[in-house]
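This report refers to the structure that appears directly beneath it.
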Amino acid sequence: MSTLALQNVTYKYEGSSKNIFKDVNMDFEKGKVYTIVGKSGAGKSTLLNLLAGLDTATEGSVTYENENLAEMNRNRYRAKNAGIIFQGLNLLTNATAIDNIVLSMNISGVSERNKKAKTYSLLEKVGISKEKATRKILKLSGGEQQRVAIARALAHDPELIVADEPTGNLDKQTEDSILKIFSSLAHDEGKCVIIVTHSKKVTNIADEMWGLDKGVFRQMTKDKK
Amino acid sequence: MYVFEHALLNLGKNKGRNILLGIMLFAVIASAVIALSIFNATDSIIENARIEFNTMIQIRPQRRQMGGNDNGASTVTLEDLHRFADSDYLSGVQIGVGGGFARGNETVFYLRSPELLYAFEAEMREKGLPDDWAVFRDESSYRRMIAPIENLQDISLTFLIVVMLFGAAIMILLSVIAIRERKYEIGVLRAMGMKKNKVVLCLWVETIVITFVCFVFGIIVGTVLSNPVAGALWTGEGQINIALNGITALQILGASLLLATITGAVSVSRITKYEPIKILMERN
């Protein structure tokens with residue numbers, strides 16, 4: 001049974017007559033990793049914004065647990081149900097890694113007593129040391145910032161993880177460990193993980209791979225990529 | 001609760017901007033303290049003088065059309081003056097005597113309250129005050145006494161209005177610039193699921209904390225400077241004492257909070273225009 005579904009979704013930018021995609025139908029289930037591939041500018045990130053509840057479809061609906069996102073409280077959805085890893089990371093740059101993650105937990109209403117301890121443990125999981133955890137984001141490298149963004153998305157233990165090029169800035173070793181985390185989140189913890197990527201390595205962990213080309217979504221097999 | 005924690009953390013993170021905002025607010029509050037203290041002190045002096053003047057009554061022979069002097073007017077004797085002074089309407093009397101004669105026009109009657117004037121005049125007429133003697137208040141003396149105080153009050157009021165308007169304009173400008181700078185931060189918070197009202201509350205708490213700190217320093221510095229400033233502006237005789245009272249402090253606090261809320265309202269109006277996705281797309 002799908003946890004997140006696109007039903008006849010059409011999207012075009014405000015003031016534009018051109019559809020980015022039209023009549024898209026897709027189902028995303030818990031316990032699986034999905035990857036979405038396609039050329040730059042094909043609309044992958046736009047799709048991810050719809051799934052993350054940051055934007056609404058021009059026509060059709062995006063439903064989460066059978067509830068239309070356009071009609072539900074999308075602040076709550078983003079805070080509690082979805083963990084979003086943005087391509088641009090979107091971290092608070094004048095705050096430390098710890099502050100970013102604790103704030104995210106606070107917004108999500110995480111009841112954990114010792115949020116800092118949980119944050120250190122999360123950051124350690126993605127390869128950020130205690131010393132680096134207390135540095136301001138601007139004092140971290142691109143790869144470290146990306147790992148903080150991943151940790152932040154997982155901090156409130158969301159059912160759905162939506163990631164836009166999450167391993168773009170990572171070295172091979174870190175990429176492998178992050179992919180293991182994504183895989184484990186889906187296969188061991190039963191979460192739904194949706195990743196937009198250009199990386200073949202990322203598509204290798206996918207249970208389903210979808211391609212977006214000229215506004216049309218097609219399910220692909222891994223060897224077809 | 002976390003909104004307050006985040007707001008307090010932000011105060012430390014954005015030191016430059018907050019210090020600039022603080023300096024502006026401090027200058028506005030200190031100036032307002034000086035202006036309002038002077039205004040309230042002069043207001044109280046004027047009010048006391050008005051009450052005092054309105055209770056000081058004199059009598060004099062009315063000037064004749066012909067010759068424009070007192071010649072030919074009826075006389076008021078010392079006995080008459082004592083009879084007039086024996087009145088329940090009075091709190092005191094200062095009888096003018098010169099050269100062994102009663103001088104009615106140098107006698108001052110002090111009424112218990114200003115509104116008793118007509119009753120006291122009627123009583124004096126009954127007791128024999130001639131019709132060609134007038135009962136009057138010495139308005140020209142009052143004007144002379146009060147003019148420099150009113151002048152100082154006008155200056156302080158004008159200064160207060162200018163400071164408040166200028167302060168409000170600068171604060172709104174700084175707030176607009178700050179919100180532009182913080183647009184990205186607001187986009188990130190909203191994308192993480194923070195509600196608009198919490199973002200607004202966070203910004204408001206930051207402004208209120210800065211306002212309160214500036215209020216404390218502004219009150220101290222304003223109070224210290226009030227007397228020297230009033231002294232420099234005072235053109236009357238003697239010296240004028242300015243003291244900050246609780247009501248003035250509350251007025252300043254109210255005005256400061258109003259100013260902070262106005263600037264907060266500007267932030268709110270701008271924040272509500274932003275959708276997180278638009279901010280983040282613009283940035284990325």
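Confirm whether B:LEU20 is modelled with pLDDT of 85 or more and within 14 Å of chain A (Cβ to nearest Cβ).
Values: modelled with pLDDT of 85 or more: yes; within 14 Å of chain A (Cβ to nearest Cβ): no.
No; evaluated as a whole, the condition is false for this residue.
Which condition number in (1) closer than 19 Å to B:ALA32 by Cβ; (2) modelled with pLDDT under 85; (3) of a type outside the set (Phe, Trp, Tyr); (4) not in a loop (DSSP other than H, G, I, E, B) is the one that B:LEU244 fails?
For B:LEU244, the failing item is (4).
For the range A:201-212, check the following and say yes or no: at least one residue is over 13 Å from the mean Cα position of the chain (by Cα) and free of Cβ contacts under 8 Å to residues at least 60 places away in the same chain.
Within the range A:201-212 (the criterion being over 13 Å from the mean Cα position of the chain (by Cα) and free of Cβ contacts under 8 Å to residues at least 60 places away in the same chain), the answer is yes, since at least one residue qualifies.
Does B:ASN48 count as in a helix (DSSP H, G or I) and either of a type in the set (Val, Ile, Thr) or open to solvent by 30 Å² or more (accessible area, probe 1.4 Å) (or both)?
Working: in a helix (DSSP H, G or I): yes; either of a type in the set (Val, Ile, Thr) or open to solvent by 30 Å² or more (accessible area, probe 1.4 Å) (or both): yes.
It is true that B:ASN48 is in a helix (DSSP H, G or I) and either of a type in the set (Val, Ile, Thr) or open to solvent by 30 Å² or more (accessible area, probe 1.4 Å) (or both).
Could you check the range A:88-106 and list, in sequence order, the residues that are at the interface with another protein chain (Cβ under 7 Å from one of its Cβ atoms) and open to solvent by 20 Å² or more (accessible area, probe 1.4 Å)?
Result: A:GLY88, A:ASN94, A:ASP99, A:ASN106.
Identify, please: which residue in the range B:204-228 is polar (S, T, N, Q) and over 20 Å from the mean Cα position of the chain (by Cα) and is, among those, most open to solvent (accessible area, probe 1.4 Å)? Quick ask: steps written out before the conclusion?
To start, the set of residues in the range B:204-228 that are polar (S, T, N, Q) comprises B:207, B:211, B:223, B:226-227.
With the extra rule that they be over 20 Å from the mean Cα position of the chain (by Cα), the set shrinks to B:207, B:211.
On the way: B:THR207: 23, B:THR211: 2 Å².
Within the range B:204-228, the match that is most open to solvent (accessible area, probe 1.4 Å) is B:THR207.
Go through (1) free of Cβ contacts under 8 Å to residues at least 60 places away in the same chain; (2) in a helix (DSSP H, G or I) one by one and return the number of the condition B:GLY187 breaks.
(1)
Give the range A:30-83 a look and list any residue that's open to solvent by less than 20 Å² (accessible area, probe 1.4 Å) and facing another protein chain (nearest Cβ under 9 Å), or say none.
A:ALA52, A:GLY53, A:LEU54, A:TYR77, A:ARG78, A:ALA79, A:ALA82
Mind listing whichever residues of the range A:90-143 are in a loop (DSSP other than H, G, I, E, B) and under 20 Å from the mean Cα position of the chain (by Cα)?
Across the range A:90-143, the qualifying residues are A:ASN90, A:LEU91, A:LEU92, A:THR93, A:GLY109, A:VAL110, A:VAL126, A:GLY127, A:ILE128.
Give the residue, chosen from B:LEU233, B:LEU201, B:LEU253, that is open to solvent by less than 70 Å² (accessible area, probe 1.4 Å) and farther than 27 Å from B:GLY22 by Cβ. Walk me through it before giving the result.
On the way: B:LEU201 fails: farther than 27 Å from B:GLY22 by Cβ; B:LEU253 fails: farther than 27 Å from B:GLY22 by Cβ.
So the residue among B:LEU233, B:LEU201, B:LEU253 that is open to solvent by less than 70 Å² (accessible area, probe 1.4 Å) and farther than 27 Å from B:GLY22 by Cβ is B:LEU233.
Exactly one condition in (1) modelled with pLDDT of 90 or more; (2) closer than 20 Å to A:ARG152 by Cβ; (3) in a loop (DSSP other than H, G, I, E, B); (4) not small (Gly, Ala, Ser) is not met by A:PHE182; state its number.
(3)
The values are calculated or read from the model by the stated rules, or taken from the named source; none is laboratory data. Just so it is clear, the structure is predicted and the values come from calculations on it, not from any experiment. So basically every Cβ, Gly included, is an ideal-geometry build from the backbone, and we count neighbours across all protein chains shown. Areas reflect the complete protein model, heavy atoms only, side chains present, ligands, DNA and RNA absent. Shrake-Rupley method; radii C 1.70, N 1.55, O 1.52, S 1.80 Å.
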